Amino acid sequence: MAQWQEVQSLANAYLEQVHQLYAGAALPMAVRQCLAAWIEDQNWRQAAEPLSSHARMLFHSLLALLGERLGSPGLGDEDFMLKHNLRKARRDLQAEFEECPEKFANLVANLLQEERRILRLGQAGGQGGAAPAPSAPPGSDREQQIQRRLAEFHAALQEAERTFRHLEDLQDTFDFCFKVHYLPGEDRASDPQYTQQIQALQAKLQILDRQRREVLAQMQQLLGRSETLRDFLQQELGAWQERQQRACLGAPADTRLCLLETWFTELGQGLFQLLQLLRALGDLRQKVTYERDPLKAETPLLEQRLRELLSYLLQRAFVVEQQPSMPNTCKRPLVLRTASKFSARARLLVRLHDRNHRMEAKIHIDRDPPKIKGFRKFNILTSSSKTLLAGDSPQDGLVCDFQYLTLKEQKDSRSGKGSKGAGEGPLVVTEELHLITFTLAYAYCGLELELETSTLPFVIISNNNQFSSAWASILWFNMLSGDPKDQHFFSVPPPAPWPRLAEVLSWQFESVAERGLSKEHLLMLAEKLFGSKPSLESTLAWSKFSKDGASGFSFWAWLDAILGLLQEHLKQLWKDGLILGFVSRKQEKKLLKGKRTGTFLIRFSESILGGVTCTWVEHPESGPPAFRAVVPYTAAELASLALPDIIRDYQLLVEENIPENPLLFLYPDTARDEAFGPYYSHRQEGNLTEQKKYLNQRLIRVSSRQANESWQTEEELVAATENLETLQLQPGGLGTLQPGGLGTQQPGGPSPLPPGSSGTLQPRGPGTLQVMARSPGTLQPGSPAVLQPSSPGMLQVMVTSPGMLQPGPQGLEPPRPLQVGSGVSEMLQSGIGDLEPQLVLQLVPEGQGTLQVGPGGVGTLQVLPGGLGVLQQVGPEDQGTQQAGPGAVEPQLVLQLVPEGQGTLQVGPGGSGTLQVLPGGLGTLQPVAGDTGILQQVGAGDAGLLPLVLETVEPLLVPEGQETLPPELRGLEPLPGSADMRDLLQSLVEELEPGSGMLEGLEPAELMPDALEATDEGLGPELAGSAALLDASDPFLPQPEDAALPAASSLFAAAADFPLLHIDANDFQ
Amino acid sequence: TGAIGLYNVGQSCCLNSLLQVFLMNIHFTGILRRITVPPRAAQKRRNVPYQMLLLLEEMQCGKQKAVSPIDLACCLSVYRVKLFVQYDAAQLFLTLWNLIKRQMKKPELVEELSCLYTICVQEHLSCQKCSFETKRNSSMLTLPLPVLNSSSHMLKTLEDCLQYFFHPEELTDHNMCFCEQCGKKTPFLQSMKLVRLPQTLTIHLKRFCFEKSAYIHKLSHYLPFPQDLDFNAVLTENQCQADDNEKAAWQYELFAVVAHSGSTSCGHYCAYIRSLTECKWYCFNDSEVCQVSWDDVKCTYGHSNLHWGETAYLLIYMKKRHQ
């Protein structure tokens, strides 16, 4: 319609061509301009044909119209020249073409055609010439092609409709003439006039016939072009389906359908229009037909072809827009859990429907179940059909949205289960693929179809712990299956080519933490999977991916655990590229070797599930660089302390040195605080003047080692409590406590735990040994102490016996120690040869305890506010032995006193101790060398391992100038066990309470002036259950290849229901 | 534009498509323009090459969108090529070509025409018992390629069809032939070797299947064909019987596709032709002509789910100009 307008908007070079075109033309441009719309609307080509009366009619219409325009007031005086030109043109045209209007028609037809050609050139040139939008997505070339073809299709369709209208006119004329002039039955052959009329009639019929063939040819052409369009759209849809499949796997892909919907609708609309035109042609044939009527043979042919094309298009256009997924796991669709809600949505991209026709959509699950033995059958609860209401949401399109669906397994579903054939068992649940089929009863313009489409196969699980392996199946299927409906896929799962797998794995990271895997990451993974030489042809078998694993878990389980860790705790760090992540030990050394001391990197553990660790490099004065790594942190640790904070506060305790943070520069060489500063958690600002009930707490992580470079591997969690209520127990650890087990234990007196009693300790492999003693008054026989090994290398002793050892009126002297016999340690060691047991003694406020650690034990005494602890370390084997084997152990003692805490640390020979006193703390380190006056005899299962008094040990004194230690407190006398604790504590309270200058230099946040109140009043109820326990499920596996420092993993998780530690007022006298 | 349509003058879509393929071929029109014009009007009316030339002139001079081949159609009807009859394009092509050849009076033109279109092959029959061999040279106008193999499996590509066509066949059991040397019926190996390929090579895809006795059905499955075809890459050494010069010239590019839509009983032909002067593809649907692209041509590969759509039936390849 607007051809002339488009022509005028052409670039100058093309406009020039238009001017040239009209320069020599008999039709002046003024006329073209004046009657643009009318001229474009006529079928000149048709009129140009010989014998056509149409040409004359058009010619005279044009002259008449020109005359009208000349007389119209619109052309006022201001357009005098134009008026003049038009008048002249009219005269010229009349003179030239009066006799041969066909020539004129042909002229105009050719002019219009030439215009279109120039227009095409100009538009194509314009696209090529103008710089394409830089943001133009790839494939937009095809997009433009489709748009252009759609436009051409519609233009051709309009042309065909015009031709058709012309045909109608011709037929009416003919029909009229025929009825008037044709008089059969009468013999008028001799009448010349009649013969002439019949001849004219014959000529009219010829024209009519030609016109009919013309329309048919146009329709053939239209259908041919629409086939190409259909092909294009199908390709685009195929590309979309691929994108959707990839998006299901977590790939960043554009899965919008709006463009496709527009295209499909436009093409569908055009084809339906064509169908109607075809029917109208059929009607014409009903009115007039003759021998060899082309309509008779060709309209059915065209209609067949068109219907087939339309059906095919509609069938394709019915797509699953949203694959079935549960609402809370939308990043991992296609895994459904029985009895959990899920949703799925199908869409008909051809947005055409009959408002009077109810369209019903239905869903079916496993309509054609595969013949697999034991294949479970499911029912869809909730309604499985839905009526698409016309006009529901015209702009939203035709959508079958099924929400709140749930699945239920049929009772006799696994009928084949009983008769399991040998070697041909049913597929495991997570490899069983199910399909949902959507059907839609479609009707429009007389075309009735049953459309159907299927979802991608999904896995149905009944328990969340199947989720990870179900997702592995979905990954494998969508990565490798050529047939999107192949439910037999896992009967012979194909291996995955590494490049494809690498891409899919990267998407997993991208979707979880918005950063995919780098080339280096993938190289490391490939090396892990294929050995040292990964090649592009390498393939990985399904079982190797998801089932077998040398380390007790499969590759996928390992990777998915890392994904879980990222998602929960490390998302931001990963996203920002601070985690190097997948680095082999070899590569790690290569990277760090050339870096300065203290350069570290963060990588994932290869030996434990979901672990992350730091490795740093040290360059000793002589010798090769050393690489240190800390035992991997898992979600359990990171839940209480974020990785950036761990890195910030990480302390390495070195003999004769101030504890230091070895993590200085993030690889390659970013200063630690610069790299992680933005991620540090905000330290709580305290107010000194304000009376606070509790000190703030801050968790830090430390490791210690001896000066002689033989690595002492231990990491401790130290908690200065802000709020004792946070010192709660891991619920997981409690369920397995066996309180009755030690009922016969006789901790009274300095006698050790009888080695035999350790039989009831039930160490479950590597575990934490937790000793808990709770005894009112004195540590009496029968007082329940629980030893619960749950984590390798951890021995945790908890004494919550307020009365015990309390020098008071009762004057229990000397303090009765709780001794842990060496049998315990031995037991731990027997399981894992190179295990280094750690001992953590935590004294809760008001508790007092003496801890003796047997040989091979590493002990930590931790005294919480108000607590008093005596840790006695008994010397173990001699140094030589310790260094000989990996199992050798150097006892390490860490005593940390938090404010108001008092502690006595006794270190046995061969041991080394660190005393760290936090502000307000009071500490004494008593090295016991030879003189065993205070040293308690350790009962050992194996006396040979217990040589006493071997060496003198240099005590590690409280470091001078440690900013957190007020100088005033340093001089305090060590408190003997028999001293009046109450007095001392009271005096401390008095000193602390004013908040005077004495406390300057303290971190205000760490003050807890109220802590001592609890001492006076006895153990408050809020302290009940306050102890740190290990999570029993914490798998601290030995780290042969990590060679890392075992990390303590005592965590304070939220669970206030530790029954054993419930202490009520009756416990105190 | 240089492409002019031909009006349908009575189920003449097949004829129209073939005429377009002839007349768009400049090598053919080069010969056609040199024919001797018959002296008398009656002869003129009955001379097919002359009528074709007239039609060509009309198409080229007029600024018409399409011309009517009615005179040529009348001329052909003299030779029992009637209007209002459905033709098989391959068959009509053969008939037309033979008429043209026969009515060209000049022997050198006949020679040129043959040279332009005929394929030379050598048929070999060798006895499997005594290796007695008979050879026979023959010429063909089209390569009639089956689209199914002997076990009725669909062949995947045009190249596969060609390979299958030139694949030796064993004649055993009731197909055995009489061997003069052995004096009895023996199993034979029948093979065909390619000797010469013409400038204009016509390939006939045997999409109409006569398998089930009287019932003829159309095979509309997907069968892609390339734009560029190198016979040396398709055929093996012993499937050819040609010197290196000849073989070096066996580089072809697609010139035209005659496509059929519809069923066996009722169908429509159209032609996709790449203009040799403009190097652009056109689609000729009787009087309707439009410029198309290779994508449109590719749509005639066929589709296993669409039986009424356009499928390539004749493929006309043109020898590439010697580099």
Task: Checking B:ASN232 against (1) outside any strand (DSSP E or B); (2) within 30 Å of A:ARG120 (Cα to Cα); (3) within 21 Å of the chain's Cα centre (by Cα), the condition it does not meet - done: (2)
Open item on the list: Condition first: of a type outside the set (S, T, N, Q), open to solvent by 30 Å² or more (accessible area, probe 1.4 Å) and modelled with pLDDT under 90. Now tell me which residues in segment B:1-36 satisfy that.
Closed with: B:GLY2
Task: Every pair of residues 6+ apart whose Cβ atoms lie under 6 Å, when the first sits in segment B:168-185 and is open to solvent by 100 Å² or more (accessible area, probe 1.4 Å) while the second is at pLDDT 85 or above and of a type in the set (A, V, I, L, M) - done: B:GLU170/B:LEU189
TODO: Output the residues belonging to segment A:205-233 that are in contact with a Ser or Thr (Cβ under 7 Å, 6 or more places away or on another chain) and more than 9 Å from chain B (Cβ to nearest Cβ).
DONE: A:ILE207, A:VAL215
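Quick check on B:ILE100: is it open to solvent by less than 40 Å² (accessible area, probe 1.4 Å) and away from chain A (no Cβ under 14 Å)?
Details: open to solvent by less than 40 Å² (accessible area, probe 1.4 Å): yes; away from chain A (no Cβ under 14 Å): yes.
So B:ILE100 passes the test.
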- [ ] Could you check how many residues of segment A:574-606 are open to solvent by less than 10 Å² (accessible area, probe 1.4 Å), among the aliphatic types (A, V, I, L, M) and part of a loop (DSSP other than H, G, I, E, B)?
- [x] 2
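Which members of segment B:258-274 meet the condition of being among the aromatic types (Phe, Trp, Tyr) and facing chain A (nearest Cβ under 7 Å)? Show your work before the answer.
Looking only at segment B:258-274, we keep the residues that are among the aromatic types (Phe, Trp, Tyr), and these are B:269, B:272.
Across segment B:258-274, there are no qualifying residues.
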- [ ] Identify, from the list A:LEU643, A:LEU609, A:LEU653, the residue that is of a type outside the set (Asp, Glu), buried (at least 21 other Cβ atoms within 10 Å of the Cβ) and at pLDDT below 75.
- [x] A:LEU653
Task: Matching entry among A:ALA253, A:ALA247 (being closer than 27 Å to A:GLN145 by Cα, part of a helix (DSSP H, G or I) and without any contact (Cβ under 8 Å) to a residue 12 or more places away in the chain) - done: A:ALA247
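Looking only at segment B:1-36, how many residues end up being within 14 Å of chain A (Cβ to nearest Cβ), among the aliphatic types (A, V, I, L, M) and closer than 13 Å to B:CYS283 by Cα?
Going residue by residue through segment B:1-36, those that are within 14 Å of chain A (Cβ to nearest Cβ) are B:1-17, B:20.
Adding the requirement that they be among the aliphatic types (A, V, I, L, M) leaves B:3-4, B:6, B:9, B:15.
Imposing the further condition that a residue be closer than 13 Å to B:CYS283 by Cα reduces the set to B:3-4, B:6.
The number of residues fulfilling the criteria is 3.
Could you tell me which of the residues A:ARG243, A:ARG279, A:ARG316 is of a type in the set (Lys, Arg), at pLDDT 90 or above, over 33 Å from the mean Cα position of the chain (by Cα) and open to solvent by 10 Å² or more (accessible area, probe 1.4 Å)?
Only one candidate passes the filter, namely A:ARG279.
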- [ ] Check A:VAL350 against each of (1) outside any loop (DSSP other than H, G, I, E, B); (2) open to solvent by less than 10 Å² (accessible area, probe 1.4 Å) and name the one condition it does not meet.
- [x] (1)
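Can you tell me which residue among A:LEU35, A:LEU86, A:LEU111, A:LEU70 is within 14 Å of another protein chain (Cβ to nearest Cβ) and either modelled with pLDDT under 85 or at negative phi (or both)? Before you say what the answer is, go through the steps one by one.
Numbers: A:LEU35 fails: within 14 Å of another protein chain (Cβ to nearest Cβ); A:LEU86 fails: within 14 Å of another protein chain (Cβ to nearest Cβ); A:LEU70 fails: within 14 Å of another protein chain (Cβ to nearest Cβ).
After ruling out the rest, the residue left standing is A:LEU111.
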- [ ] For segment B:287-301, enumerate the residues that are open to solvent by less than 10 Å² (accessible area, probe 1.4 Å) and of a type outside the set (S, T, N, Q).
- [x] B:ASP296, B:VAL297
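A quick yes/no check of all residues on (1) among the aromatic types (Phe, Trp, Tyr); (2) open to solvent by 40 Å² or more (accessible area, probe 1.4 Å); (3) within 14 Å of another protein chain (Cβ to nearest Cβ):
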{"residue": "A:LEU259", "(1), (2), (3)": "no, yes, no"}
{"residue": "A:TRP263", "(1), (2), (3)": "yes, no, no"}
{"residue": "A:GLY270", "(1), (2), (3)": "no, no, no"}
{"residue": "A:GLN273", "(1), (2), (3)": "no, yes, no"}
{"residue": "A:ARG285", "(1), (2), (3)": "no, yes, no"}
{"residue": "A:PRO294", "(1), (2), (3)": "no, no, yes"}
{"residue": "A:GLN304", "(1), (2), (3)": "no, yes, yes"}
Open item on the list: Tell me yes or no: at least one residue of segment A:520-536 is in contact (Cβ under 8 Å) with a residue 12 or more places away in the chain, closer than 17 Å to A:ALA253 by Cα and outside any helix (DSSP H, G or I).
Closed with: no
Task: Condition met for A:GLN202 (more than 10 Å from every other protein chain (Cβ to nearest Cβ), crowded, with 21+ Cβ neighbours inside 10 Å and in a helix (DSSP H, G or I)) - done: no
- [ ] Collect the residues in segment B:37-83 that are polar (S, T, N, Q), surrounded by fewer than 18 Cβ atoms within 10 Å (Cβ to Cβ) and within 18 Å of A:GLU49 (Cα to Cα), keeping them in residue-number order.
- [x] B:GLN60
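Do you know which residues across segment B:286-308 are among the aromatic types (Phe, Trp, Tyr) and facing chain A (nearest Cβ under 7 Å)? Before the answer, list the steps.
Initially, segment B:286-308 is screened for residues among the aromatic types (Phe, Trp, Tyr), giving B:294, B:301, B:308.
If the condition is that a residue be among the aromatic types (Phe, Trp, Tyr) and facing chain A (nearest Cβ under 7 Å), then B:TRP308 is the only one that fits.
Out of all the residues in segment A:607-648, which are part of a loop (DSSP other than H, G, I, E, B) and of a type in the set (Ser, Thr, Tyr)?
Taking segment A:607-648 and keeping what is part of a loop (DSSP other than H, G, I, E, B), we get A:607-611, A:619-625, A:631-632, A:634, A:641-642.
Across segment A:607-648, the qualifying residues are A:SER607, A:SER622, A:THR634.
Could you tell me which residue of segment A:370-390 is modelled with the lowest pLDDT, considering only residues that are in a loop (DSSP other than H, G, I, E, B) and open to solvent by less than 60 Å² (accessible area, probe 1.4 Å)?
Here is the first cut: in segment A:370-390, the residues in a loop (DSSP other than H, G, I, E, B) are A:370-377, A:382-384, A:389-390.
Restricting the remaining residues to those that are open to solvent by less than 60 Å² (accessible area, probe 1.4 Å) gives A:370, A:372, A:374-376, A:384, A:390.
Details: A:PRO370: 85, A:ILE372: 81, A:GLY374: 81, A:PHE375: 85, A:ARG376: 86, A:SER384: 77, A:ALA390: 52.
Filtering first and then ranking leaves A:ALA390.
Matching residues to (1) modelled with pLDDT under 85; (2) in a helix (DSSP H, G or I); (3) of a type in the set (D, E, K, R); (4) out of contact with any strand residue (DSSP E or B) (no Cβ under 9 Å at 6 or more places or on another chain):
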position	(1), (2), (3), (4)
A:GLU448	no, no, yes, no
A:SER473	no, yes, no, no
A:SER506	no, yes, no, yes
A:GLY552	yes, no, no, yes
Open item on the list: Can you pull out every residue in segment B:247-257 that is basic (Lys, Arg) and within 12 Å of chain A (Cβ to nearest Cβ)?
Closed with: none
Task: Where B:SER261 falls short, out of the listed (1) under 17 Å from the mean Cα position of the chain (by Cα); (2) more than 30 Å from B:VAL195 (Cβ to Cβ) - done: (1)
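The values are calculated or read from the model by the stated rules, or taken from the named source; none is laboratory data. If you're wondering where the values come from, they're calculated on a predicted model, not measured in any experiment. All Cβ positions, even for glycine, are placed from backbone atoms using ideal geometry, and neighbour counts span all protein chains on display. Only protein heavy atoms, including side chains, enter the accessible area calculation; ligands, DNA and RNA are left aside. Shrake-Rupley method; radii C 1.70, N 1.55, O 1.52, S 1.80 Å.
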